[in-house]
Amino acid sequence: MRLLAGILLLSGAVLAQEVAQLSGIATDQTGAVVPGVQVTATQTETGLKRTVITDAAGYYVIPNLPLGPYRLEATKMGFRTFVQTGVVLQVGTNPEIPLSLAVGNVSDQIIVEANASQVETRSAGVGTTVVDTQRILDLPLNGRQATDLIPLSGLAVTTSAAPPTYTMNTGPNIAVAGGMSWSVQYNLDGAPHLDTYVGASMPLPFPDALQEFRLATSAQDATTGGHSGATVDVVTRSGTNAFHGDLFEFFRNSDLNARDFFAAGSDGLKRNQFGGTLGGRIIRDKLFLFLGYQGTTIRQNLVNQAAYVTTPAELKGDFSQYIAAGCPSASAVATSPAVLSHFTGPFAMCPAALKIASYLPPSNNPCGFVLFGTPVNQNQNQAPLRVDYQLSSKNSLFARYLITRIDTKVPYSITHNILSTDQVGQNDQAQALAVGDTYLIGTQT
């Protein structure tokens, strides 16, 4: 009894599921409710079927439906079969679809085509933005980062870039609707996907692997109560009975990039993003697989930093130019006899200092002025994998795995320029796993 009482007192986090539901009331031609109607929702891409029976008030509800297009069918002896097609469920939606039954043979059908979006009447959410796969691919996202969809709502601002030494550096911190950046909750396939150290999202799948992207800004329900600000729900794509996939490559280089008006040259950026996706069935109407890969290579050496280094003459012990009027160092040097002597000779130079100076960029300027760059050499690799299994009309499972790896070389290892030693490299890997089990206990609403 003590153990049972302890379990009852414990509370855990209930994760939001990236699903939707259908509901409505069945009526006849006179407007009277019709109980005992068998209502079946069929996901047309995977063949998943869920069946319920309307209650005494003619009401039905089909919860926890995977996203996608559906065909709704209602049957009862003495009435024609009611069929509605074109029902598209998006993440977190709860559309109400009324069933209008006409007296007749059950073998006869009344087919209604619904291409327009269903009206959401059960959710109090305000400022909800849902972006589907095609729109995600059509929108010009710099670097193909899904988090760039958030500012499109008009309610978000970028506060700061996440420090690369503490995070995967996959995107900036974003504040929504006047809230703090760390008050935004990120979910991927219903599981939390938040880097709590900096309040930014963990790496999200690349656009071709996304089915939907949803941003809810206010008046949210209890399933999104983990944070006070906005909630970002992202859903990965699934396999279907029909095989689908794509190959892609995007690139940027100095031949195509516009040069800044005030810059002496181009930014030197070379970025290639390549990969593909593949989804389909393993067992028709039962087992489905979706996988993808994206590789990103970034190379850049923008010469935009200035410094003063030791000149060849100074390395030989001649500091006469160091106190010249045209050099910035002249005003900071006292005119002591040691300085006015100008020349110390190479014998007075420290061997260790000479060795360190050999790693400085050479300068032909009398004062030692140089321009240099900090090169960027980064490789990113990402691979999502998702499996969906329909055990029965009542039970379905899914598992999703996402791995992201970022390797950035230390700039000094590329140029051996000691001025770039303040920059670090990156060798990070993030893995995310989500598993879901949906079971419909009964068919009676």
Net charge of Cβ neighbours under 14 Å - reference LEU141; Lys, Arg +1; Asp, Glu -1: +1
field: Rough spin-label spacing in nm, given labels placed 7 Å along Cα→Cβ, for LEU289 and PHE261
entry: 5.5 nm
- request: Rounded to the nearest 0.05, what FRET efficiency do ASN395 and MET180 give with R0 = 35 Å and r taken as the Cβ-Cβ distance? Could you check?
  value: 0.30
field: Calculated FRET value between ALA32 and ALA242, using beta carbons and R₀ = 45 Å, to 0.05
entry: 0.60
query: Taking Cα atoms of region 2-113, Rg/Rh with Kirkwood Rh, to two decimals?
result: 1.13
Modelled label reach - ASN364, point 7 Å along Cα→Cβ, region 281-319 residues with backbone N closer than 16 Å: 311-313
field: Spacing of the two label points (7 Å from each Cα toward its C-beta) at ALA307 and ASN105, in nm
entry: 8.9 nm
Additional length obtainable on full extension of the chain from TYR197 to THR421, 0.36 nm per residue less Cα span: 78.1 nm
message: Net charge within 14 Å of GLY268 by Cβ-Cβ distance, Lys/Arg positive one each and Asp/Glu negative one each, not counting GLY268 itself?
response: +2
- request: Under 14 Å from the Cβ of SER201, count the other residues' Cβ atoms, weight Lys and Arg +1, Asp and Glu -1, and hand me the total.
  value: -3
task: Report the equivalent ellipsoid semi-axes for region 366-438 in whole Å, largest first, defined as the square roots of five times the eigenvalues of the gyration tensor built from alpha carbon atoms.
output: 49, 8, 7
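FYI, it's all coordinate maths here, none of it is from the lab. Remember, it's a predicted structure, so these values are computed and weren't measured experimentally. As a convention, Cβ positions derive from the backbone with ideal geometry for all residues, glycine included, and neighbour counts pool all protein chains shown.
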